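What follows draws every value from the coordinates through simple rules; no lab data is involved. Keep in mind that this is a model prediction, so the values were computed, not measured. As a convention, Cβ positions derive from the backbone with ideal geometry for all residues, glycine included, and neighbour counts pool all protein chains shown.
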Amino acid sequence: MKHAALLGTGSCLPRRILTNSDLEKMVETSDDWIVSRTGIRTRRIAGKGEDNFRLAGRAAKKALNMAGLSAADVDLILVATITPHMMMPSCACFVQAEIGAENAFAYDLNAACSGFLYGLDLADKYIASQPDMNVLLIGSETLSARINWQDRNTCILFGDGAGAVVLSGSDTRGVQASCLYSDGRLWNLLYMDSPESLNPEIKQKDRRGCYMQMSGPDVFKFAVRSMEQAIRNLLRKENLSIDDLALVIPHQANIRILNKLVERLVIPEEKIFINVERYGNTSAASIPIALDEVNRKNRLQRGDKLLFCSFGGGFTWGAVLMQW
Ligand code: ACO
């Protein structure tokens, strides 16, 4: 059976850099507080001409270029996002038009920060049943438009950006296994309603419901526990241990969540990739942006085992194993 293997990666970050000292001028906070609680020093903020689908399209073009494919070779475009610039059409359809992938079908998927991993699993299943398919999978977000910039609990955490991968069938490389989970009962610990909400419960209770709402300490606890469990389940299922992995690329939420994960699973420092200090939490885009960085630095060799893990709104979480 063919597996979804990487042919190329790409990413696109907005030009504007927002530093912690910029944030000190916007809300009552400090660089010290932000760095010690989150590890974040800077994040990118989308400006004019940097809509979600445009960032996604630029990341996609770089990934296609590395793959040696043209946009016309793409059969499916999947965009993982929680910040499409319209409810309809999908961001994926805008990307299709943007890059000229006229032979593809295209749609979005929403699994919050786990969107890219859900997309990898989905792409792998498409490729298993249609081995000649080229799949363009993108995680792309413009979260800055959905952040309350007066709320110091949330505005320090998030950033904008896009990462893309081109996947096609391989007998030896690619996605080997996934463990994905959701628990919709916990939705109100992390949510973002739409501005045109038809949900009277949220509108009456909290008129700021259209911005990112989060119970930080609860999210923290669940994120650590859930990602740890997902990784343990995946390794058990595949009869592997942390020693067998070349690298772990986690969702870049915040350094303290990642430190706890490292501590509980005893992951050596050199086996986990972290860039949250530069980009903050870019939700569905964080893993593909990190993956592109890893790939362009040639950190992995053929045959290496790479593990991704994530946690996000829904709640959704999971882990995916890939052979390089
Ligand atoms: N600057 C200064 N003080 C602040 C700030 C800020 N930016 N934000 C909150 N505080 C204050 C609070 O008001 C509180 O003050 P009080 O004691 O007077 O009430 C105090 O700091 C402590 O607040 P806590 O919420 O207890 O701080 P905590 O140590 O839990 O850190 C944080 C908060 C960073 C949000 C933490 O809970 C966390 O990392 N949660 C996970 C959140 C996350 O990563 N969400 C991303 C989405 S989900 C995902 O991607 C996995």
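Below, the figures for the structure above:
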{"quantity": "Local net charge near residue 82, Cβ-Cβ under 14 Å (Lys/Arg +1, Asp/Glu -1)", "calculated": "-3"}
{"quantity": "For the chain, calculated [θ]222 nm from helices alone, where every DSSP H run of n ≥ 4 adds -39500 (n - 2.57)", "calculated": "-10000 deg cm²/dmol"}
{"quantity": "Order of 81, 42 under a 10 Å beta carbon neighbour criterion, fewest first", "calculated": "42, 81"}
{"quantity": "Sequence-distant residues sharing a close amide H with residue 248 (under 5 Å, placed H)", "calculated": "272, 273, 307"}
{"quantity": "Exposed-loop-free span, longest in the chain, where GluC sites (Glu not before Pro) count as exposed if DSSP calls them loop and at most 10 other C-beta atoms lie within 10 Å", "calculated": "197-324"}
{"quantity": "The range 3-172 pair-distance distribution - Cα-Cα, 10 Å bins, rounded %", "calculated": "11, 37, 29, 16, 7, 0"}
{"quantity": "Set of aspartates and glutamates with alpha-carbon distance to residue 297 below 17 Å, sequence-local pairs under 8 removed", "calculated": "270"}
{"quantity": "Alpha carbon centroid spacing (whole Å) that separates the range 299-322 from the range 215-254", "calculated": "8"}
{"quantity": "Cβ charges +1 (Lys, Arg) and -1 (Asp, Glu), total dipole of the range 1-114, debye", "calculated": "260"}
{"quantity": "Sum of side-chain charges, residue 265 neighbourhood, beta-carbon under 14 Å (Lys, Arg +1; Asp, Glu -1)", "calculated": "+1"}
{"quantity": "Loop-resident sites, the range 269-324, for trypsin sites (Lys or Arg not before Pro), counting at most 16 other Cβ within 10 Å (DSSP)", "calculated": "297, 299, 302"}
{"quantity": "Debye, to nearest 20: dipole size of the chain, +1 on Lys, Arg Cβ, -1 on Asp, Glu Cβ", "calculated": "440"}
{"quantity": "For q = 0.13, 0.21, 0.26 Å⁻¹, Debye-computed log10 I/I(0) when each Cα of the range 223-304 counts as one equal scatterer", "calculated": "-0.41, -1.09, -1.45"}
{"quantity": "For the chain, convex hull of alpha carbons as volume per residue, Å³", "calculated": "127"}
{"quantity": "Cα-based Kirkwood hydrodynamic radius, the range 176-323, one decimal, Å", "calculated": "16.4"}
{"quantity": "For the chain, with +1 on Lys and Arg beta carbons and -1 on Asp and Glu, the positive-most of 93, 275, 166 along the dipole", "calculated": "275"}
